[in-house]
Structures are given as structure tokens and as C-alpha cells.
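Report on one structure; see the data block that follows.
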2 protein chains.
Amino acid sequence: MAAESPAGRRPGRPRSLAREQAILTSAGRLLLAEGMAAFTIERVAADAGVSRVTIYKWWPSKGALALDGFLHVVQDEIAYPDTGDLRADLIAQVTSLVRLFRDTAAARVLTGLLAEAQRDPAVAREFRGRWLQPRRSLAAAIVQRGQQQGIIRHDVDVAAVIDQIYGPVYYRLFAGHEPLVDELATTVVDNVLAGIRAL
Amino acid sequence: MAAESPAGRRPGRPRSLAREQAILTSAGRLLLAEGMAAFTIERVAADAGVSRVTIYKWWPSKGALALDGFLHVVQDEIAYPDTGDLRADLIAQVTSLVRLFRDTAAARVLTGLLAEAQRDPAVAREFRGRWLQPRRSLAAAIVQRGQQQGIIRHDVDVAAVIDQIYGPVYYRLFAGHEPLVDELATTVVDNVLAGIRAL
């Protein structure tokens, strides 16, 4: 790297960012087009015009790259509004998740990743760390602000509440026993908010 | 079969039942011991001392046999009390599911089956029809009786309520983001019952 850096400025930054974006775009598109079964680091490297070594330097595993690529291409479709209206913000989040799972190829990607996570603990860790926990943290912040505002009881188990709001969406995605309808978002948010609000 | 039936009585019944039980026991034990990846109709047939033809005659697919065998060996571990106490009965059901997933090899079997269900629609259908829907029907009956008794509002979406009670358990089983603790049962039942009770 030093050889590319005359005049002492930090080298390669813009170029690395551009390559990172190219890799993420290639990874996300490959995943959405062909699913996890066809997803290999070799194909992403070829499509993005980088070496496999570059990818291995920046991502610890195939699962990590798949998830980052997936996030990169779907991030605009997931709403995380923060209007201060607890109920409306939660419903908007759950609705965007329902639509992402119902109306795009994201469902196939996430079910493929989660199926692989059942066999491969590394994929499971990446799924939780890169996809699930960032989203759960945003939802937890909304619920905790509701507690600070006195709208939600202080003794509620925030993780369980999030499971009761988001769990039904993942459960329907995975088991397919009921359709992913828009109304599910309002129903699950209202049922649980009514149960945990401060009296 | 007619050749085995002197004196005109219906032939083979006790013998078929015994063979069916033997097949189910072999299937369930193989599944719990080695998981879905090692599960084949050939191995079940060999262990149960029957022909593959017999198994194919009675079960439409490997997934169907796996689920029936699984149900056969775990049925005693799943509580479905009906004491008339809506809250206590739901908590008992969810607690037994939490413990089944946390403390037995059933978790590995169900995650293996559900992972396979993401790729194979036939396995998905069997999972829903033989495992999920019978359990959901029992839970729905409890909620609907609560509606008839005036404890639960008549306008609630029963399927969504069941998703909010059971979904968190499956969600934790699959994603592993939070532990399957006994207290989860009481928390999810109380949160949603408080939200849907008649005023």
C-alpha cells in the first residue's frame, strides 16, 4: 500500500471504498438472483472484478459477505422511521418487513441463510450479528423510550416484547402456515402494546 | 392378505398396527439419535424389520414418516392440559414446548426438518399438516373458548394471537438470539392476554 502513496496521504481509501461497494453490490445481486445455494466467494470476486484474497481480507466468511451484500441491496426497502409515535413507528417497521418478505426475493435469501444457519454455527452468528441484532436494537430503543415516557410499564421484558412483534413475521416466513398480510403488523403491535402499557 | 385369513374375519389388523408402531418407533429414534441428515427410509425399514415397500405404502414421503416418527416418540413430553383455566393451560403448553426445544434432541430434529422444508415444499407441507396445525388447533380452541366465555374480545385475530404466543419460541429456536427460558412462557402469555381481554 505504501508504494501507492506518494506525498504521505493515507492511501487507497477511496479506491477501497469503491471496491467494497462493488463487492457488496455483486454479493447482494447474486444472492437475490440465485439464492444461497449458488452463492460462492469465487463468483462474487469474478463479478466485482476483485481477487478472492481481497474478499477474504475484508470478510471472515461466506455467510458474513452474503449478509452484508444482502443488507447493502435491501437497506432502502426497510423503513426505520422515528417520528416519536411509538405505535406508528413499530407498525411501519413491521409492515416493511412483511412486505420485504412477501414481495421480494429477500424471503428466499433469508430462508436459505437461516436454513444454512441450522447446520453452520458461523452462519448463525453472522445472521444474528449482522441482520437480526441491529434491527432488534432499533426496536428495543423504541420500546425503551416508551418506558422512559411512562407509556410502557418498566417491568416488561423488552426482548420478549420484540419477539412477540417480530417473531410472528419470521414464524410465518419459515413455517408458511398463514399468509404474510399487511394487517399482521397492526394486529401484533396493537395486541402487545395493549398488554404492556402503563396503567 | 386373503390367504392369511381363514374363517372370513378381517385379516392382518393387529399385525399391521404392531408393524406401524415398530416403524414409527424406529423412525423417531433414528431421527432423535442422528438427525434428519442421516434419516433414510432404508434405515428405518432395516431397523423396524419391514420392507421399504411397506413404508412407501403407508407414508407418502420421507418427511411424512420422519414427522410421524418424531410425534410418536415425543408425544408424551408435550402437555396439552385442559383445566378450563385459559391462562394456566396456555402457559403449560408453551412451557412444555420451551423445555422440549431446550432439553431434548427434538430441537435438532425440528430445526433440521424446518431447514429442509425451506428447500422442499413437500417437507414444508408435512411439517405444517402433521406438526404445526394439530398444535395450533388445540391452542385456537382454548382462545376461542375464552371468547365464548367473554374473557377474550370477539374481534381478535386468533391466528395472530397464536403466532404471538408460539412464534417467539420458534423464533428463538431458529435464530438463537435469546435463550429458551421457562419464564418466556408466562411472559408471552401474559403480555398478549392482557392485550386481548374483553374490557
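In this assembly of identical copies, the label point of residue B:29 (Cα plus 7 Å along Cα-to-Cβ) is separated from its counterparts by 5.5 nm, sorted shortest first. Per residue, the accessible area of the range A:76-166 comes to 43 Å², computed with a 1.4 Å probe over protein heavy atoms only. Per residue of peptide B:184-196, the mean number of Cβ atoms on other chains within 10 Å of the residue Cβ is 6.
Which value, in debye to the nearest 20, describes the size of the charge dipole of chain A about its Cα centre when Lys and Arg Cβ atoms bear +1, Asp and Glu Cβ atoms bear -1, and nothing else is charged? Before the final figure, lay out the partial values.
On the way: 24 positive and 22 negative charges, 164 e Å.
Dipole magnitude for chain A comes out near 780 debye.
Helical runs assigned H by DSSP (4 residues or longer) give the protein assembly as shown a calculated mean residue ellipticity at 222 nm of -22000 deg cm²/dmol, each run adding -39500 (n - 2.57) before division by the residue total. If you take all other residues with their beta carbon under 14 Å from the beta carbon of residue B:181, and give Lys and Arg +1 and Asp and Glu -1, the sum is -3.
Taking the highest mean first, how do the peptides A:144-152, B:62-70, A:164-172, A:99-107 order by number of other beta carbon atoms within 10 angstrom per residue? Present the calculation step by step, with values, prior to reporting the outcome.
Working: A:144-152: 15.0, B:62-70: 23.3, A:164-172: 25.0, A:99-107: 16.8.
So the order, starting with the most tightly packed, is A:164-172, B:62-70, A:99-107, A:144-152.
Placing a label point 7 Å from the Cα of residue B:105 along the Cα-to-Cβ direction, the distances to the matching points in the other copies come to 3.9 nm, shortest first.
Distances between placed amide hydrogens fall under 5 Å for residue A:152 paired with A:147, A:198, all partners being 5 or more residues away or on another chain. Spin-label pair residue A:47-residue A:155: with each label point 7 Å from Cα along the Cα-Cβ axis, the two points sit 5.2 nm from one another.
Taking the label point 7 Å along Cα→Cβ, residue A:85 and its counterparts in the other copies are spaced 4.2 nm apart, in ascending order. Normalised by 2.2 N^0.38 Å, where N counts its residues, the alpha-carbon radius of gyration of the range B:50-156 equals 1.27. Charge tally for residue B:45 (other residues, Cβ to Cβ under 15 Å; Lys, Arg +1; Asp, Glu -1): +2.
For the protein assembly as shown, what is the charge dipole size about the Cα centre, in debye to the nearest 20, if Lys and Arg each add +1 at the Cβ and Asp and Glu each add -1 at the Cβ? Walk me through the numbers on the way to the answer.
Working: 48 positive and 44 negative charges, 189 e Å.
So the magnitude is around 900 debye.
Quick one: net charge of residue A:129's neighbours, Cβ under 13 Å, K/R +1, D/E -1? Show your work: numbers first, answer last.
On the way: positive: A:125, A:128, A:130, A:135, A:136; negative: A:68, A:126.
My count for the surroundings of residue A:129 gives +3.
Which aspartates and glutamates have a Cα less than 15 Å from the Cα of residue B:57, not counting those fewer than 8 places away in the same chain? Leaving aside aspartates and glutamates fewer than 8 places away in the same chain, those within reach of residue B:57 are B:20, B:42, B:68.
Using the Cα centre of the range B:137-199 as the reference point, and only Cβ charges (+1 on K/R, -1 on D/E), how large is the resulting charge dipole? Debye, rounded to the nearest 20. Provide the component values of the computation, followed by the final result.
Details: 4 positive and 7 negative charges, 43 e Å.
Computed charge dipole of the range B:137-199: roughly 200 debye.
The values are calculated or read from the model by the stated rules, or taken from the named source; none is laboratory data. Remember, it's a predicted structure, so these values are computed and weren't measured experimentally. Heads up, the Cβs are rebuilt from the backbone with ideal geometry, glycines too, and the neighbour counts pull from every protein chain shown. Remember, those area values only see protein heavy atoms, side chains included, never the ligands or the DNA or RNA. Shrake-Rupley method; radii C 1.70, N 1.55, O 1.52, S 1.80 Å.
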